[in-house]
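Below is one structure, written out as structure tokens; comments come after it.
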Amino acid sequence: MAAEIINGNEIAKQVRGEVAEGVAALKASTGVEPGLAVVLVGEDAASAVYVRNKGRAAEEAGIYSETYRLPQETEQDEIVELVRQLNADDRFHGILVQLPLPPQVDEETVLYTIDPAKDVDGLHPFNLGRLAAGNPTFVPCTPAGVQEMLVRTGHDPAGKHVVVCGRSNIVGKPVSLLLLQKAAGANATVTVCHTGTRDLGEITRQGDILIAAAGRPEFITADMVKEGVVVVDVGINRVDDATRERGYRLTGDVDFGPVSEVAAAITPVPGGVGPMTIAMLLKNTLQSARRSVGG
Ligand code: GUN
């Protein structure tokens, strides 16, 4: 039977609508306008699209947003200095430095410069540490979006076996920690596996929920999933496709067609997790603005 397709665009629209209401209420009661600064270094085409979408979504929700575009060859010190200025700038409650950064820049040095109280991306070790300690403040946006999608579509992870395939700092590790929390919308049994796992299919087939975040196109094939699984595909990969005018197509980490014949529910790429990441960024920015006035 073909799987239920989980519509990330639709769920993200709901979340963005809720954020817009929260922003309007905050402005009305305190006069505070939430603000988001986005830093983009270089000309990576995919990053430019994400950043444009983030800026537009922020404005639609009533969030003041500015994007700082720096050339590919910018030195690390200059980026660090910009982040310090943004830390001190009261217009901004959230700062996001789009990854990846160019090779001459150490991503950790830049991310660790962001004031944890403005780290709406949740990637500073202070915020990752709080998540690990079971007392999260800013949860990274993609993991938060994955959880929100599951809960809002009736696939609550509580008590289920969630298998996460991927171990990145941005998705694999934090989504594992998030769904492991003893909290509503989590409380799962979590297994983390990755491209170095022996007999990977043995592990992935155990998942009631499978989160694919390995960063490899169509890596999860139909023989690697259990009948009736809920599949969340976090991958966004560009693969060459001469039949497309632009010369490539976007595909996830899941072999969508065959896997959707076996799964109970699945997120598509595009239109799945991607829009949720942006919605959760806005939600974190609103949360940060509320905190700035003691909320
Ligand atoms: N690049 C791809 N996804 C993300 C994200 O969620 N945050 C940042 N900062 N960069 C990204």
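Only the coordinates and a few stated rules stand behind these numbers; no lab work does. Source: prediction; values computed, not measured. Note: ideal-geometry Cβ built from the backbone for every residue, glycine included; neighbour counts use all protein chains shown.
Data table
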read-out	value
Residue under evaluation K283, criteria (1) without any contact (Cβ under 8 Å) to a residue 40 or more places away in the chain; (2) of a type in the set (D, E, K, R); (3) part of a helix (DSSP H, G or I), criterion not met	(1)
Contacts under 6 angstrom Cβ, first residue in the range 90-107 being over 17 Å from A37 (Cβ atoms), partner near the ligand (Cβ under 10 Å from one of its atoms) and in a loop (DSSP other than H, G, I, E, B), 6 or more apart	E107/L101
Selection status of G271, surrounded by fewer than 17 Cβ atoms within 10 Å (Cβ to Cβ) and either under 21 Å from V171 (Cβ atoms) or more than 23 Å from the chain's Cα centre (by Cα) (or both)	yes
Helices (runs of 4 or more DSSP H) (entirely within the range 72-188) containing at least 3 residues that are touching a Leu at 6+ places or on another chain (Cβ under 7 Å)	107-113, 141-152, 172-180
Filtered residues of the range 201-215 (kept if part of a helix (DSSP H, G or I) and surrounded by 18 or more Cβ atoms within 10 Å (Cβ to Cβ))	I203, T204
In the range 49-63, the residues that are outside any loop (DSSP other than H, G, I, E, B) and either over 24 Å from T142 (Cβ atoms) or in contact with a Leu (Cβ under 7 Å, 6 or more places away or on another chain) (or both)	V51, K54, A57, A58
Boolean, L150 is in contact (Cβ under 8 Å) with a residue 24 or more places away in the chain, more than 13 Å from the ligand (Cβ to nearest atom), touching a helix residue (DSSP H, G or I) at 6+ places or on another chain (Cβ under 9 Å) and farther than 29 Å from V163 by Cβ	no
Qualifying position, being crowded, with 22+ Cβ neighbours inside 10 Å, more than 17 Å from V254 (Cα to Cα) and small (G, A, S), among A158, A188, A132	A188
Test for D77: is it more than 15 Å from the ligand (Cβ to nearest atom) and either over 24 Å from P174 (Cβ atoms) or acidic (D, E) (or both)	yes
Options V38, V19, V49, V23; residue that is buried (at least 22 other Cβ atoms within 10 Å of the Cβ), under 28 Å from I266 (Cα atoms) and among the β-branched types (V, I, T)	V19
Those residues of the range 268-292 which are within 16 Å of the ligand (Cβ to nearest atom) and either basic (K, R) or farther than 23 Å from R56 by Cα (or both), in sequence order	K283
Qualifying residue in the range 40-53 (condition: within 16 Å of the ligand (Cβ to nearest atom), touching a His at 6+ places or on another chain (Cβ under 7 Å) and without any contact (Cβ under 8 Å) to a residue 24 or more places away in the chain)	no
